[in-house]
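Below: the structure, in structure tokens.
The values are calculated or read from the model by the stated rules, or taken from the named source; none is laboratory data. Since the structure is predicted, the reported quantities are computational estimates derived from the model, not experimental observations. Counting neighbours? That spans all protein chains shown, and the Cβs are built from the backbone with ideal geometry, glycine included. All accessible areas refer to the heavy atoms of the entire protein, side chains included, with ligands and DNA or RNA removed. Shrake-Rupley method; radii C 1.70, N 1.55, O 1.52, S 1.80 Å.
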Amino acid sequence: MLTRPAQAQAKALLDQRLPDAAGADISWTEDAHGNLYGWLVLEEAPRLAELAPAMARCRLRLCTMTAYDPERDPANPRRAIAYHFDLDGLTFTVTAPLVMPEAGEDGEATGRPEVPSITPWFRNADWNEREFMEMYDIAVTGHPNPRRLFLDERLDAGVMGQMIPLSTMMNGASTQDLWERIMSAKLPEGTTSVTTVPESDGETGGEARA
């Protein structure tokens with residue numbers, strides 16, 4: 001099936017104007033109905049500062065933004081943001097990987113992952129970027145109004161990174177991973193991960209080990 005003319009024109013426009021600003025080429029996929037999907041993965045998040053004005057000049061419409069962990073590994077936390085755009089029916093996604101701060105001698109990371117704000121060019125990015133700041137503790141540099149949306153100022157930022165997803169809790173295959181995450185928390189002094197099962201009514205007691 002032939003791709004719709006409007007999408008073909010949009011593709012030609014983006015191919016012409018964006019790769020230089022992004023420092024990367026756009027990859028394209030097409031579904032069975034001839035709809036085009038563009039994918040652009042940046043090498044580093046700061047490149048957004050150059051790419052955002054170029055995308056605005058192409059009349060791209062920002063639909064939504066998604067912050068996520070490319071690989072859910074508590075021992076090696078990472079972040080990435082996917083920006084979802086539309087142009088004349090063509091879906092275009094830009095992914096910006098965020099560099100996590102390195103851990104110091106005490107094992108604690110100092111600083112936060114950073115990404116430039118695109119709100120000056122796409123005003124509807126304001127809500128998502130503010131949510132990233134308070135829920136994921138991502139520093140959105142250059143944001144015009146970095147106030148919190150929901151959480152009380154007394155709460156630590158980045159609470160989403162401290163939560164265990166419901167899908168992990170309900171997935172039997174993830175039981176060991178879930179237990180390791182729970183037990184990785186510091187136990188009270190004098191306690192261990194071994195639980196004693198008391199004897200009762202002729203039944204033999206024993207020990208249940210994690």
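Listing for the model above:
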{"quantity": "Odd one out for residue 16 among (1) open to solvent by 70 Å² or more (accessible area, probe 1.4 Å); (2) assigned to a helix (DSSP H, G or I); (3) touching a residue at least 12 places away in the same chain (Cβ under 8 Å)", "calculated": "(3)"}
{"quantity": "Residues located in region 27-72, provided they are small (Gly, Ala, Ser) and either over 20 Å from residue 89 (Cβ atoms) or open to solvent by less than 10 Å² (accessible area, probe 1.4 Å) (or both)", "calculated": "34, 38, 45, 49, 52, 54, 67"}
{"quantity": "Positions within region 121-138 being within 12 Å of the chain's Cα centre (by Cα) and modelled with pLDDT under 90, in sequence order", "calculated": "131, 132, 133, 135, 136, 137, 138"}
{"quantity": "Residue within region 28-48 that is of a type in the set (Gly, Ala, Ser), in contact with a Leu (Cβ under 8 Å, 6 or more places away or on another chain) and not in a helix (DSSP H, G or I) present", "calculated": "yes"}
